[in-house]
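Heads up: the structure comes next, in structure tokens.
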Amino acid sequence: MDTVTKEISASYETSRKRKRENIHMNRTVASREICDVISNQVKERFCFISHYSAVSLLEASKFQEYEKKFPTQILDQTTDDYSMLQKDRLKTELGVIYRRSDFRNMTGAISLLQFIIENNLQTTFPVTYKLLLIIVTIPMTTAEAERCFSTLKRVKAFLRRTMSEDRLSALAMLSIEKRMIKDIPKFNENVIDLFASKKDRLVDLIYKNCT
């Protein structure tokens, strides 16, 4: 009887050990597959990053430098990546932009695009206009990301400890679209009136006539 019990126990322990080994093996195989997928996806996603060079063509802080020495290598790389752009025409347009002082006040690709649209310069700089549309459409890291981060930082500082996702989204939208907000008549007054009448406050925010 003791022999049978020992054999059963040994068989049970062997089965448990084999099961643990199988689980460990499956986890190892799964981990390797996950790492392979991540590695392949990273290589695939970042195999084409040369189009980022197009942004540096339109960095206002470098216009004065580019006026003295035109960035021919960056232009060649940009036109290779975007073959629909006319290289000679783009070089001529950029040369004009680099020489003019009013373009050096731009803060980035978006502000330069807005300047061209507001002054109806699309036909004057058609290839540059097309390149700007490409830059602001394709997600890429630019110097403007720092400004976006600064906006988010200001919003979070304003919210302080009472921050919630809804409030963050609303205030971020107001900060980003501040130009549109300025065009709304009496926007600030309407917001103040709505806040004052939203619910009872510890202090009277709206003066009432006593009768």
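Annotations
- Residue check, His51 modelled with pLDDT under 80 and surrounded by 11 or more Cβ atoms within 10 Å (Cβ to Cβ): yes
- Flag if Thr79 is crowded, with 18+ Cβ neighbours inside 10 Å, of a type outside the set (A, V, I, L, M) and farther than 24 Å from Arg179 by Cβ: yes
- Considering region 47-106, and only residues there that are among the hydroxyl-bearing types (Ser, Thr, Tyr) and not in a helix (DSSP H, G or I), the residue that is nearest to Val136 (Cα to Cα) turns out to be Tyr82.
- Meets criteria (small (Gly, Ala, Ser), surrounded by 10 or more Cβ atoms within 10 Å (Cβ to Cβ), part of a helix (DSSP H, G or I) and at pLDDT 70 or above) for Ala30: yes
- Here Glu44 clears all of (1) at pLDDT 90 or above; (2) farther than 25 Å from Arg179 by Cα except the condition numbered (1).
- Pairs, first within 14 Å of Leu131 (Cβ to Cβ) in region 87-102, second polar (S, T, N, Q), C-beta under 6 Å, six or more apart: Lys87/Thr79; Glu93/Thr128
- Checking each residue in region 107-132 for being part of a helix (DSSP H, G or I) and touching a helix residue (DSSP H, G or I) at 6+ places or on another chain (Cβ under 7 Å) picks out Ala109, Ile110, Leu112, Leu113, Ile116, Val127, Thr128, Tyr129, Leu131, Leu132.
The values are calculated or read from the model by the stated rules, or taken from the named source; none is laboratory data. Please read these numbers as outputs of a predicted model, since none were measured by experiment. Cβ atoms come from the backbone with ideal geometry, glycine included; neighbour counts cover every protein chain shown.
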